[in-house]
Amino acid sequence: MKLRTSLLAAATVLTLAACNQATEAPTETPAAAPAATAEAPAASAVDTAAAAPTDSSAAAPAAAGECAFNLEGNDAMQFNVKNIDVPKTCTEFTINLKHTGSASVEAMGHNVVIAKSADIMAIATDGASVKPNHIKEGDTRVIANSEMIGGGGSTSVKFDVSKIADGGYSFFCSFPGHAAMMQGTLTLK
Ligand code: CO
């Protein structure tokens, strides 16, 4: 009985010793870790600074991915955004439209028309009876437009960014009755 107690005591001492070692070890690790992470940002900051001049010298033509936007239209007569930012560094900008619904082009057609925000309703009214694109022939108020698509379809429209440089432009759908709900601004950034 006495032996067992002393063994237990010995075991407890060993356990405590092990615990002390275990608790000491972690305190050293966190102390070393911040030093390592403090060095890491400094190194990456140098990298970024070194890369920056290369980026800014190449800033004139923006990367292709920045000069395009993937827009969606649905069966509830809605686009999924109310604004699209257009980088000033882009020469041309492309809006890709996907019709995520299943309604036919005759029932729930969508297109993307680029024009002055103030001209939207007049363009839509003048093109109401013009099938299938619903844009009056030779409408000079239209900067650019895609074709009209139905559910499951996709299309795209590309325009020169210089043509919207003076601001106040929008994208909209010219399908009869859609323009009021299906429109959004184009913001030069
Ligand atoms: Co539409």
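For F175, what accessible surface area do you get with a 1.4 Å probe? Give it in Å², rounded to 10.
Approximately 20 Å² for this residue.
In whole percent, what relative contact order does segment 108-189 give with Cα contacts below 8 Å and a gap of six or more residues?
41
If I histogram all Cα-Cα distances within segment 75-189 using bins 5 Å wide from 0, what percent of pairs lands in each bin?
Pair shares across the bins are 2, 13, 25, 26, 19, 11, 4, 0.
Amide H neighbours of V86 under 5 Å, at least 5 residues apart or on other chains, H built in the peptide plane: list them.
So V86 has HN proximity to T187, L188, K189.
At a 1.4 Å probe radius, which order do T155, T91 fall into by accessible area, largest first?
Ranked from most to least accessible, the order is T91, T155.
Just report the Cα centroid separation between segment 148-189 and segment 84-98, whole Å.
11
Using modelled backbone amide H atoms (1.01 Å from N, in-plane), which distant-in-sequence or interchain residues come within less than 5 Å of L97's amide H?
Amide H to amide H, under 5 Å and 5 or more residues apart or across chains, L97 pairs with L71, T155, S156, V157.
Multiplying the sequence separation of K88 and A128 by 0.36 nm and subtracting their Cα-Cα distance, what value in nm do you get?
11.1 nm
The values are calculated or read from the model by the stated rules, or taken from the named source; none is laboratory data. Predicted, not measured: the structure shown is a model, and the values here were computed from it. Ligands, DNA and RNA are stripped out before the accessible areas are found, and what is left, the full protein with its side chains, is counted by its heavy atoms. Shrake-Rupley method; radii C 1.70, N 1.55, O 1.52, S 1.80 Å.
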